[in-house]
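Accompanying notes for the structure given below.
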Amino acid sequence: MSRSGSRTAIFASAAAVLLSMCVAQSASAADSVAPPPADVPAMTAAETVVLSATPDNARGFSAQNVINCPIRANYPHRSQHIPGFVAGESTTSCPVPVPSVATQAELYRWLPNFGWALAGIGQYKYGPGTYVTSAANDICQGGSAYYYTLGHHSVVFPKGYTPQSASGTTKSPVIRVNC
């Protein structure tokens, strides 16, 4: 073997050793994701809030006339629609058509030695009807990470209902997502 061929072989061997060390270090770092601090409230179920309106006219009022619109921030999860991404969704739904239902999702990721960071913002979805959903996404970066979804919601109720509109914010539990 020539002198330059010998150097190339030594360089290739050294590069292979360094690469295997980096891969092993990266794998162990991904398994040891630092959890969020203890002061972050541990939520055990996705929070559902209800935005409600009652008819202005007291005559003929019944519980059936109340419009209850559940709003929710869903659990962060590996996206089924976009491979290689984490998704967090928010939904606003009403049992009857209303002039406007709206929502926008935000996805937050825990970064060790930094804290919570906004990782994705979903499209602001709105319009007349009964249901709307927004999805925020983040790229899966290997290993696992902690996420939560924050949902911003609003409803404009039909004329003759009080309040005329309502809004609220929901938050999912903190979830560890494996990529």
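Amide H of Cys140: which non-local residues (sequence gap of 5 or more, or other chain) have their own amide H closer than 5 Å, using H built in the peptide plane?
Placed amide hydrogens put Phe85, Val86 under 5 Å from Cys140.
Can you give me the long-range amide H partners of Val174? Hydrogens built in the peptide plane at 1.01 Å from N, cutoff under 5 Å, separation of 5 or more residues or another chain.
It is Met43, by chain and number.
At 1.4 Å probe size, with the rest of the protein present, what percent of the exposed accessible area of region 95-179 is carbon and sulfur atoms? Each step should come with its number before you reach the end.
Details: 2270 of 4120 Å².
C and S fraction of accessible area: 55 percent.
Per residue, how much accessible area does region 73-151 have with a 1.4 Å probe, in Å²? Walk me through the numbers on the way to the answer.
On the way: 3820 Å² over 79 residues.
In whole numbers, region 73-151 has 48 Å² accessible per residue.
Take the alpha carbon gyration tensor of region 64-179, find the square roots of its eigenvalues, order them as a ≥ b ≥ c, and report rounded if a/c is under 1.5; if not, report prolate when a/b exceeds b/c, else oblate.
Judged from the Cα gyration tensor, region 64-179 comes out prolate (a/c at least 1.5, a/b above b/c).
Got a sec to turn the phi values of region 165-179 into Karplus ³J(HN,Hα) couplings, 6.51 cos²θ - 1.76 cosθ + 1.60 with θ = phi - 60°, whole Hz, x for Gly and Pro?
8, 8, 9, x, 10, 10, 9, 7, x, 6, 10, 8, 10, 9, 9
The values are calculated or read from the model by the stated rules, or taken from the named source; none is laboratory data. All values derive from a computational prediction rather than experimental measurement. Areas reflect the complete protein model, heavy atoms only, side chains present, ligands, DNA and RNA absent. Shrake-Rupley method; radii C 1.70, N 1.55, O 1.52, S 1.80 Å.
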